[in-house]
Amino acid sequence: MKQRLLVLGCGFVADLYMRSLAVMPGIEIAGVFDTDKQRLKHFCSYWNLPLAPTFEALLQSAPGALVLNLTNPGSHFETSRACLGAGHPVYSEKPLATTFPEAKELVDLAISRGLQIASAPCSVLGEAAQTLGQALRNNTAGTPRAIYAELDDGFITQAEYHKWQTESGAPWPYEDEFRVGCTLEHAGYYLAWLISWFGAVRTVVAASAEAVPGKEGHGPHAPDLSVATLFFENGPVTRLTCSFVAPHNHQIQIVGDAGVLSCDEAWDNDAKIRFARRIKLRRRLMESPLKKRIRLKQPTHPKVRKWGAAAMNFMLGPDEMLSALAEGRPGRLSGDFALHLTEVTLAIQNAGEFSGAQTMTTRCDAMEPMPWAQ
């Protein structure tokens, strides 16, 4: 029996979910809605999906079905709240909300209604993140002492982003991207991995700034560069950098007593995980240039081919949540996880120049590995 899913929003990211859906058997789209009628019609025609004429009709078409909230970030709070109020669990695109009080209200509402709520990104459930997690549990690099993680996407304002569009014709939402900012949009790709491995962040020491002013579109624009030092309750000190300025770099390096674990691309579920053992060569201390590939037993999960800058299965999150709902268990991407991820991300984004050390008020436990990674 197929599990039913409702889709709210037909913008740029929606096509990425539909491409991923093609490799995920057992999920049926019961209805789709978008306030842009022309876009809605074109999207549903392209993907051969059932169109709902109104938001209310969408929610009524499959009572209690999981809603995949793909609206613009500024609409996440209002639309997710309406879905929860109508008795629907929600999987939201990132961010869960653009302010912490709104994110907390959503999680509290879900709890009060006996519903589940989760948010992207779900690459934490992918093979690369799960392989690194297993390597950490196996002590492959010894005790981890420091982590450097980079999420730099190049000098975006000089890119030809007006030409970026999905296969069904949705343009890249540059105004949203510049208003919401690289940190709120992208920090979660590595933050989710880190929190899944080590649990809650205790303290954030960060700075953020708009390094390139005068971006196209209506402002105010969010910081386009942030640098954070994260102190975990049970993990190594971590530096995380996000920008729309520095050359493309999505590398993470986990420095342990015995060597360095690394991954070069957060946006590729199939990215290679490597271990470089620390060696002494004559009087020189170095990491071995002969890196060992770390692999999980196959199969892991369905993969999608690269499109644009990413090779990610965007349906891993909704699929895991549907499984959790069917099995009557909490999802791995729980409300607590989403809320803590949101608080840490906002602390980094809003740090500015003078915020100093910020103590987190939420917490969550480390994530249970996927069955094929245990």
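The values are calculated or read from the model by the stated rules, or taken from the named source; none is laboratory data. Keep in mind the model is a prediction, meaning the values are calculated, not measured. Don't worry about glycine lacking a Cβ; one is built from the backbone with ideal geometry, like all the others, and counts go over all protein chains shown.
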Tell me, yes or no, whether region 300-316 has at least one residue that is among the β-branched types (Val, Ile, Thr) and closer than 30 Å to His88 by Cα. yes
For the list (1) within 17 Å of the chain's Cα centre (by Cα); (2) in a loop (DSSP other than H, G, I, E, B); (3) surrounded by fewer than 19 Cβ atoms within 10 Å (Cβ to Cβ), I need the number of the one condition that Arg332 fails. (3)
Complete set of residues in region 206-228 that are crowded, with 18+ Cβ neighbours inside 10 Å and more than 14 Å from Cys242 (Cα to Cα): Lys215, His221
Determine whether Phe33 is crowded, with 19+ Cβ neighbours inside 10 Å and within 27 Å of Trp172 (Cβ to Cβ). yes
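Quick check: is even one residue across region 67-86 assigned to a loop (DSSP other than H, G, I, E, B) and of a type in the set (A, V, I, L, M)? Show your work before the answer.
Within region 67-86, the subset assigned to a loop (DSSP other than H, G, I, E, B) is 70-72, 86.
Cutting the leftovers down to of a type in the set (A, V, I, L, M) gives us 70, 86.
Looking for residues that are assigned to a loop (DSSP other than H, G, I, E, B) and of a type in the set (A, V, I, L, M), one finds at least one in region 67-86, hence yes.
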Of the residues in region 76-87, how many are in contact (Cβ under 8 Å) with a residue 60 or more places away in the chain and touching a Gly at 6+ places or on another chain (Cβ under 9 Å)? 1
Considering residues of region 34-66 that are small (Gly, Ala, Ser) and assigned to a loop (DSSP other than H, G, I, E, B) only, the residue nearest to Met321 (Cα to Cα): Ala65
Can you pull out every residue in region 127-168 that is under 16 Å from Tyr190 (Cα atoms) and in contact with a His (Cβ under 7 Å, 6 or more places away or on another chain)? Glu127, Glu150, Leu151, Asp152, Asp153
Any chance Val304 is crowded, with 19+ Cβ neighbours inside 10 Å and outside the structural domain of Ala351 (by TED's automatic domain parsing): yes
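Is it the case that some residue within region 11-31 is farther than 30 Å from Glu327 by Cβ, touching a residue at least 40 places away in the same chain (Cβ under 8 Å) and under 20 Å from the mean Cα position of the chain (by Cα)?
Going residue by residue through region 11-31, those that are farther than 30 Å from Glu327 by Cβ are 11-12.
Filter once more, keeping what is touching a residue at least 40 places away in the same chain (Cβ under 8 Å): 11-12.
Adding the requirement that they be under 20 Å from the mean Cα position of the chain (by Cα) leaves 11-12.
Looking through region 11-31, at least one residue is farther than 30 Å from Glu327 by Cβ, touching a residue at least 40 places away in the same chain (Cβ under 8 Å) and under 20 Å from the mean Cα position of the chain (by Cα).
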For residues that are outside any loop (DSSP other than H, G, I, E, B) and of a type in the set (Lys, Arg), scanning just region 232-288, find the one that is nearest to the chain's Cα centre (by Cα). Arg239
Enumerate the pairs (first residue in region 194-211 and of a type in the set (Lys, Arg); second residue anywhere and modelled with pLDDT of 95 or more) with beta-carbon separation below 9 Å, excluding pairs fewer than 6 apart on the same chain, so at least 6 apart or on different chains. Arg202/Leu230; Arg202/Phe231; Arg202/Phe232; Arg202/Glu233; Arg202/Thr359; Arg202/Met360; Arg202/Arg363
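Would you please name the residue that is farthest from the chain's Cα centre (by Cα), looking only at residues in region 100-136 that are outside any helix (DSSP H, G or I) and among the polar types (S, T, N, Q)? Break it down into steps so the answer makes sense when it comes.
Going residue by residue through region 100-136, those that are outside any helix (DSSP H, G or I) are 114-122, 126.
Retained after the next criterion (residues that are among the polar types (S, T, N, Q)): 116, 119.
Numbers: Gln116: 17, Ser119: 7 Å.
Among those residues, the one meeting the criterion is Gln116.
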Condition test on Ala97, is it among the hydrophobic types (A, V, I, L, M, F, W, C), under 20 Å from the mean Cα position of the chain (by Cα), buried (at least 17 other Cβ atoms within 10 Å of the Cβ) and farther than 20 Å from Asp319 by Cα? yes
Region 239-278, residues that are under 19 Å from His186 (Cα atoms) and free of Cβ contacts under 8 Å to residues at least 24 places away in the same chain: Asp264
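Taking region 150-173 as the region of interest, how many residues are outside any loop (DSSP other than H, G, I, E, B) and in contact with a helix residue (DSSP H, G or I) (Cβ under 9 Å, 6 or more places away or on another chain)?
Initial filter on region 150-173 (outside any loop (DSSP other than H, G, I, E, B)): 150-152, 156-158, 161-163, 165, 171.
Imposing the further condition that a residue be in contact with a helix residue (DSSP H, G or I) (Cβ under 9 Å, 6 or more places away or on another chain) reduces the set to 150-152, 156-157, 161-162, 165, 171.
Residues that pass the stated criteria total 9.
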Enumeration of residues in region 137-172 that are buried (at least 20 other Cβ atoms within 10 Å of the Cβ), closer than 20 Å to Asn234 by Cα and within 22 Å of the chain's Cα centre (by Cα): Ile147, Ala149
Kindly indicate whether Thr229 is over 17 Å from the mean Cα position of the chain (by Cα), within 27 Å of Ala135 (Cβ to Cβ) and assigned to a strand (DSSP E or B). yes
